[in-house]
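First comes the structure, then the notes that go with it.
The values are calculated or read from the model by the stated rules, or taken from the named source; none is laboratory data. For clarity, every value in this text was computed on a predicted model and none was experimentally measured. Backbone-built Cβ (ideal geometry, glycine too); neighbour counts: all protein chains shown.
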Amino acid sequence: MQEQPSRKQLLSEMENLRRELENLKRDKADLEILLEMSVAHADEILETLQATSLKLDESNQQLKAEIQERQRTETALQISQAALKVVLANTIKEKSDLEILWNITTEHGDVAEDVLYDQNIHDPLTGLFNRRYLENFLEREIYRDRRSSPLSIIMCDIDNFKQFNTTFGHQAGDTVLQKVGLLFQKNTRDSDICCRYGGEEFMLIVPDASLEDALEQAEQLRQEVKNLNVEHLHQLLGNITISLGVACFPEHGKTSEQLIQSADIALNYAKTSGRDRVAVAGCLIPTRESSPKDASRS
């Protein structure tokens, strides 16, 4: 049979239960206090958590932006590096080309100077000498030993040239100038100087030629131009005629300016006398008879 606990034992058990009950009461009181504190500070804790969440969000967005910016920077750097390689390659090539050009220029400097000089004294459209070269040449010829041999000049103008430009266009007019300039080159001596004096005006310096020789040459040029057939874009441009003025040194001028002015006056007389003719400075009588026509020079 099981023995009954003694009084002492029961009292001891009861004391232990009492202590445990007091401990539970204290724990309950502590929990109630903690609960009250938690409830009292719940809003603050929530706000703190929300603020922390926002900061984490902002930090995350900033980090993403920094990552994207870094990626863009790296891409731009790669592109710049590729472009730099291209520039470097081009620079190396240009340097090589410049070295080749420098070597050619050094070895053939005289040729380059001749080309530049040739471009400077010729009319780019017709290939004839330009006005500046002609005036310099004529000046030298007149004052070279005061010329013991004759010297004549022929100034000519394409008749009604403005009509070619108006009717067929300026490119057709350029074609006319080129064809007339080529005809002059083919029908003059090697010693003659052919020049495009300006616009549709041409001038020839004829060294060692008397007035009669120059008149004969001018008449020949007039006939050759009159027989010229010029096409532009497979279209005939019609008859082309020229008027010419002839002057001889020193009869019609003792300086280049006077000689050119005399030839110009003769040319103007040929134009106002009906065009398609040769006139001589001084006498101002055209070599081909006709009745005067329109007095305008064109």
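If you check GLN235 against the conditions, is it out of contact with any strand residue (DSSP E or B) (no Cβ under 8 Å at 6 or more places or on another chain) and at pLDDT 95 or above? Break it down into steps so the answer makes sense when it comes.
On the way: out of contact with any strand residue (DSSP E or B) (no Cβ under 8 Å at 6 or more places or on another chain): yes; at pLDDT 95 or above: no.
Here the answer is no, as GLN235 does not meet what is asked.
Residues in the stretch 175-187: is at least one out of contact with any strand residue (DSSP E or B) (no Cβ under 9 Å at 6 or more places or on another chain), not in a helix (DSSP H, G or I) and not aliphatic (A, V, I, L, M)?
Checking the stretch 175-187: at least one residue is out of contact with any strand residue (DSSP E or B) (no Cβ under 9 Å at 6 or more places or on another chain), not in a helix (DSSP H, G or I) and not aliphatic (A, V, I, L, M).
Name the residues in the stretch 22-39 that are surrounded by 10 or more Cβ atoms within 10 Å (Cβ to Cβ) and either at positive phi or among the aliphatic types (A, V, I, L, M) (or both), would you?
Within the stretch 22-39, LEU24, ALA29, LEU31, ILE33, LEU34, LEU35, MET37 qualify.
Quick check on ASP190: is it assigned to a loop (DSSP other than H, G, I, E, B), of a type outside the set (Ser, Thr, Tyr) and more than 30 Å from GLN235 (Cα to Cα)?
Details: assigned to a loop (DSSP other than H, G, I, E, B): yes; of a type outside the set (Ser, Thr, Tyr): yes; more than 30 Å from GLN235 (Cα to Cα): yes.
Answer is yes for this residue.
Write out, first by first residue and then by second, each pair whose Cβ atoms fall under 7 Å of each other, whose residues are 6+ apart or on separate chains, and whose first residue, in the stretch 218-234, is part of a loop (DSSP other than H, G, I, E, B) while the second is among the hydroxyl-bearing types (Ser, Thr, Tyr).
VAL230/THR175
Are any residues in the stretch 251-278 assigned to a helix (DSSP H, G or I) and without any contact (Cβ under 8 Å) to a residue 60 or more places away in the chain, and if so, which ones? Before you say what the answer is, go through the steps one by one.
Keep residues of the stretch 251-278 that are assigned to a helix (DSSP H, G or I), which gives 256-272.
Within the stretch 251-278, GLU257, GLN258, GLN261, SER262, ILE265, ASN268, TYR269, ALA270, THR272 meet the criteria.
Just for the stretch 231-243: of the residues that are surrounded by 16 or more Cβ atoms within 10 Å (Cβ to Cβ) and either in contact with a Ser or Thr (Cβ under 9 Å, 6 or more places away or on another chain) or not assigned by TED's automatic domain parsing to the domain that holds ASP213 (or both), which one is nearest to ALA172 (Cα to Cα)?
Step by step, filter the stretch 231-243, then rank; the result is HIS232.
Look through the stretch 131-158, keep the residues that are surrounded by fewer than 18 Cβ atoms within 10 Å (Cβ to Cβ) and outside any helix (DSSP H, G or I), and return whichever of them is modelled with the highest pLDDT.
Per the criteria, the residue is SER149.
Could you list, in sequence order, the residues of the stretch 164-205 that are within 22 Å of ALA270 (Cβ to Cβ) and free of Cβ contacts under 8 Å to residues at least 12 places away in the same chain?
Scanning the stretch 164-205 gives a single hit, ASN165.
At pLDDT below 95, assigned by TED's automatic domain parsing to the domain that holds ILE242, assigned to a helix (DSSP H, G or I) and of a type in the set (Gly, Ala, Ser) - does that describe any residue in the stretch 163-174? It would help to see each step written out before you state the result.
Filtering the stretch 163-174 down to residues at pLDDT below 95 leaves 163-174.
Imposing the further condition that a residue be assigned by TED's automatic domain parsing to the domain that holds ILE242 reduces the set to 163-174.
Remaining after also requiring assigned to a helix (DSSP H, G or I): 163-168, 170-174.
Remaining after also requiring of a type in the set (Gly, Ala, Ser): 172-173.
For the stretch 163-174, residues at pLDDT below 95, assigned by TED's automatic domain parsing to the domain that holds ILE242, assigned to a helix (DSSP H, G or I) and of a type in the set (Gly, Ala, Ser): present.
When LEU215 is evaluated against the numbered criteria (1) crowded, with 22+ Cβ neighbours inside 10 Å; (2) part of a helix (DSSP H, G or I), which criterion, by number, is the only one it fails?
Result: LEU215 passes all but (1).
So that you can scan it fast, the table gives a plain yes or no per residue for (1) assigned by TED's automatic domain parsing to the domain that holds GLU141; (2) at pLDDT below 95; (3) buried (at least 17 other Cβ atoms within 10 Å of the Cβ); (4) over 42 Å from the mean Cα position of the chain (by Cα):
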| residue | (1), (2), (3), (4) |
| --- | --- |
| GLY253 | yes, yes, yes, yes |
| SER256 | yes, yes, yes, no |
| SER262 | yes, no, yes, yes |
| ASN268 | yes, no, yes, no |
| THR287 | no, yes, no, yes |
| ALA295 | no, yes, no, yes |
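Going by the structure shown, is ALA65 among the small types (Gly, Ala, Ser) and within 60 Å of the chain's Cα centre (by Cα)?
Working: among the small types (Gly, Ala, Ser): yes; within 60 Å of the chain's Cα centre (by Cα): yes.
Here the answer is yes, as ALA65 does meet what is asked.
Quick one: would you say LEU228 is over 18 Å from GLY282 (Cα atoms), among the hydrophobic types (A, V, I, L, M, F, W, C) and surrounded by 14 or more Cβ atoms within 10 Å (Cβ to Cβ)? Please lay out each step first, then the result.
Details: over 18 Å from GLY282 (Cα atoms): yes; among the hydrophobic types (A, V, I, L, M, F, W, C): yes; surrounded by 14 or more Cβ atoms within 10 Å (Cβ to Cβ): yes.
Yes, satisfied.
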